[in-house]
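Nothing in this text is a laboratory measurement; each read-out follows from the coordinates by a stated rule. Keep in mind it's a predicted model, so treat the numbers as computed, not measured. We place every Cβ from the backbone using ideal geometry, glycine too, and count neighbours over all the protein chains shown.
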Amino acid sequence: MPAAAHMIRTIGNHVFHLATQDSSYVIEIAGGVVPTLRYWGRRLDADPSGDAVGVAGAGPDGRRLAELNVDAPYRINAGKRLQRLQLEGLRLEYGVQGSGDFRRPALHALDAEAFPIPQLVYRSHRVLSGKPELAGLPSARTAAGEATLELELADEVSGLRVVLSYTPHESQNIIARHVRVENDGEQPLVLDRVMSASVGFAPGALDTVTLTGAWAGERHVTRAPLATGVFATESTRGTSSHIANPFLALAERNAYEAHGDVYAAVLVYSGNFLAEVDASLPQSPRLNIGINPFEFRWRLDPGEAFTSPEALLAYSGDGLSGMSRCFHSVIAECIVPEHWTRRERPVVLNSWEAQYFEVGEEAFLELADSAAKVGVEYVVLDDGWFGTRNGDDSSLGDWQENPWKLPTGIDGLAHEVHARGLGFGLWVEPEMISPVSELYNAHPDWCLHIPGRERGAEAPLGRNQLVLDLSREEVQEWMIGTFSELFARAGLDYVKWDMNRYLAPVASPALSAERRGEVAHRYVLGLYRVLSVLRGRFPDVLFESCAGGGGRFDAGMLAFMPQTWTSDNTDAVSRLFIQYGTSFVFPPVTMGAHVSAVPNHQVGRSTPLATRGAVAMSASFGYEADLREWSDADRDEVRRQIEFYRRFRTLIQFGRFTRLESPFEGNRAAWMFTDEGARQVLLFVSRIRGEVSAAEPPVRLRELAAGGLYEVSLAYGDASPSGEDGSAPADDYGMYRAAELENHGFPVRLPVGDYVSRVYNLHRVD
Ligand code: GLA
């Protein structure tokens with residue numbers, strides 16, 4: 001055992017205690033043959049070097065078999081190899097379809113004759129230092145001294161071998177899991193379902209918490225009591241999608257933001273996922289998370305291995321905020337490219353809502369000039385600069401600049417932008433192909449399609465486009481070559497990598513018939529390969545991923561691109577909801593958020609500039625508007641916003657983020673950013689509908705330094721007094737003790753009117 005593996009303790013042969021700073025996950029091999037979950041929750045022992053894990057009564061072989069086999073007459077007893085255990089009574093770590101455990105399985109595998117492989121028997125374990133690479137897939141980096149437990153299970157008859165992998169990420173309080181399935185037999189096998197993680201729960205009143213939505217309304221928080229039956233949140237669209245996010249939490253019924261037990265899972269994956277809870281037996285609910293079996297069937301030839309994506313499991317005893325802290329820290333510290341973990345993100349101006357497809361060198365440089373004057377750091381040229389693209393109906397695939405629009409070329413434009421002291425970014429949508437394009441004419445077979453059915457412009461289209469077949473190596477090579485050349489020639493500092501169409505039909509004639517069910521996953525693997533080569537070649541380029549806004553906001557994409565365009569909806573009020581929900585999993589630094597014009601182009605609402613600023617400044621900040629057309633007063637305000645953001649950028653991008661009030665539950669949203677030791681705090685408060693100021697409740701803060709004395713002042717926002725007649729004073733600025741601010745709250749008095757935001761500065765003075 002590596003010296004470093006102190007977070008993994010083996011007790012006897014059959015109990016494994018995986019510990020993080022605050023949580024414990026204890027696996028017991030029931031009867032020496034079947035891995036089960038014995039405990040998941042608050043850390044069991046304080047001393048990681050001690051042998052006793054505090055699991056009461058754990059003998060060297062775990063609990064006695066008799067205890068496990070509570071007599072239930074209609075249950076199936078497993079065969080002799082599995083010690084006749086009643087699998088359905090156990091909290092299985094990796095249940096198999098056909099075994100007599102009737103809950104949704106972790107694995108469904110078939111042999112060459114299409115018979116199910118109904119059992120896996122525990123064979124051995126080992127502890128490795130670090131974490132083995134997940135072939136072709138992103139995963140959380142380990143810190144020095146961290147280790148991985150591997151449990152090997154096998155089926156002697158077919159030669160199927162399954163290795164369950166567990167890595168405790170100590171300071172992030174995450175247990176990372178994945179599986180590797182190998183064919184050690186002589187015949188091909190078929191995998192119909194391979195979950196990354198499966199977790200058995202004890203009975204109890206639980207709620208499911210998921211992030212659901214739609215285009216322009218992504219990641220809204222949905223919470224519901226877990227009912228008897230099967231609950232699922234999933235994507236079947238080829239990307240992780242606008243509709244659902246690869247995240248599922250089970251929260252104790254009375255768990256809330258700051259207290260209570262929450263058990264949650266996130267999948268580090270950008271394609272079809274399934275996160276489900278099978279509570280058809282309410283006394284033993286099971287959570288599964290992994291690649292969606294929809295559009296998935298994988299052939300495993302002798303000697304081949306299949307690796308699942310990684311699932312990140314978080315237990316929090318401190319409610320949903322504690323859960324988010326685990327995910328924020330693992331994503332910010334172990335998932336986003338190392339180069340970007342502590343590197344500040346620039347203030348950008350993106351041309352989309354300013355100019356849409358009306359691209360021209362002169363107009364873009366004027367926009368850049370207006371941006372430079374107010375302090376913007378990077379300008380990004382969005383769609384419309386290449387091929388003959390004047391709308392969304394052509395040219396995807398023809399990544400040559402349009403010489404009429406950009407007479408000095410993309411490199412000439414970049415040169416001009418750089419000469420203004422600005423960074424230069426470019427929009428691309430590499431995964432797509434327009435039927436009206438030179439690329440399509442040259443390679444009509446490069447898109448996902450079914451031979452013999454409608455093709456090209458007659459095929460099913462989404463936004464007038466088709467999807468390139470990234471399961472094909474030649475398409476990957478074309479993409480790597482084309483974009484390496486473009487990024488280098490343009491001297492880019494920033495790339496917005498967009499993807500505006502779901503996958504349908506999911507079909508590639510390049511794969512043989514028995515491999516047709518592999519297209520959706522091979523697409524994702526192909527994408528990850530392209531991204532990892534490009535990221536390796538352009539480590540300094542800041543990549544932002546986008547899929548019709550936030551249609552692929554997941555930890556898989558963040559492993560290559562440290563931020564995501566959160567939503568095409570830039571309205572400040574809509575964004576309160578979207579960003580609040582997104583923060584359940586993703587830290588604010590990963591969310592692109594821009595101030596745009598009013599009336600807002602998506603929802604038609606007019607909100608004050610200060611409010612648009614405060615909401616966008618809660619994330620990776622920028623603008624999406626034609627500042628040339630704004631009044632001098634508004635441009636002055638923009639300058640103030642950027643000054644404010646730059647002053648507090650480190651705190652906002654790398655501080656601790658805590659949700660205080662949910663817009664889903666009231667008329668306000670509030671959150672805060674705190675530095676190490678809570679000396680410096682920024683409190684953001686937004687009220688949606690105007691209300692009589694006297695009715696305004698104080699905002700209760702959390703996680704301040706115990707006993708600390710704080711000076712509270714207005715950091716940003718409309719300073720006008722509150723009250724219907726404007727007579728009441730503005731907020732009660734001054735000195736407050738931490739306990740007052742936490743137990744009573746800060747008495748905000750927001751100005752009259754709808755859609756008001758303020759940012760307060762809390763500075764510890766003692
Ligand atoms: C998508 C993106 C937008 C913009 C357009 C360009 O909708 O989400 O931000 O880039 O494409 O066509």
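Structure notes:
- Listed residues 296, 316, 306: farthest to the positive end of the dipole of segment 293-354 (Cβ charges): 316
- With 0.36 nm allotted per residue and the present C-alpha distance subtracted, the residue 259-residue 343 stretch has 27.0 nm of extension available.
- Other-chain or far-sequence residues with amide H under 5 Å of residue 257's (modelled H): 320
- Cα-based shape type of segment 339-565, given that a ≥ b ≥ c are square roots of the gyration tensor eigenvalues and the cut on a/c is 1.5: prolate
- Placing a label point 7 Å from the Cα of residue 512 along the Cα-to-Cβ direction, the residues of segment 81-120 with a backbone N closer than 20 Å are 110-115.
- Remark on segment 95-335: ratio of C-alpha radius of gyration to 2.2 N^0.38 Å is 1.00.
- Cβ crowding within 10 Å averaged over residues, with 146-154, 125-133 ranked highest first: 146-154, 125-133
- The label-point distance for residue 84 and residue 294, in a model that sets each label 7 Å from Cα toward Cβ, rounds to 4.3 nm.
- Spin-label pair residue 143-residue 485: with each label point 7 Å from Cα along the Cα-Cβ axis, the two points sit 4.5 nm from one another.
- Gain in span if fully extended, residue 477 to residue 739, counting 0.36 nm per residue against the direct Cα distance: 88.4 nm
- Rounded to the nearest 0.05, the FRET efficiency derived from the C-beta distance between residue 667 and residue 457 at R0 = 60 Å is 0.80.
- Relative packing of 21-32, 262-273, which averages over residues the other C-beta atoms within 10 Å, highest first: 262-273, 21-32
- Here segment 710-751 is scanned for amide nitrogen atoms under 18 Å from the site 7 Å beyond the Cα of residue 692 along Cα-to-Cβ, giving 722-729, 748-751.
- Here segment 339-565 is assigned +1 on the Cβ of each Lys and Arg and -1 on the Cβ of each Asp and Glu. Its dipole about the Cα centre then comes out at about 760 debye.
- Normalised convex hull volume, segment 189-288, alpha-carbon set, Å³ per residue: 112
- Shape of the chain, Cα gyration tensor, a/c cut at 1.5: oblate
- Gained length - residue 42 relative to residue 679, 0.36 nm times residue gap less alpha-carbon distance: 226.5 nm
- Computing FRET efficiency as 1/(1 + (r/R0)^6) for residue 415 and residue 222, where r is the C-beta to C-beta distance and R0 is 51 Å, gives about 0.55.
- Mean Cβ neighbour count within 10 Å, used as a protection proxy, ranking 197-205, 629-637, 175-183, 290-298 highest first: 175-183, 290-298, 197-205, 629-637
- Paramagnetic label zone (point 7 Å from Cα along Cα-to-C-beta, residue 112; backbone N under 19 Å) in segment 289-305: 298-305
- Segment 294-392: mean projected area of Cα convex hull, nm²: 13.3
- Under the simplified labelling scheme, the residue 135-residue 606 pair shows an inter-label distance of 6.1 nm, with each label point 7 Å from Cα along Cα→Cβ.
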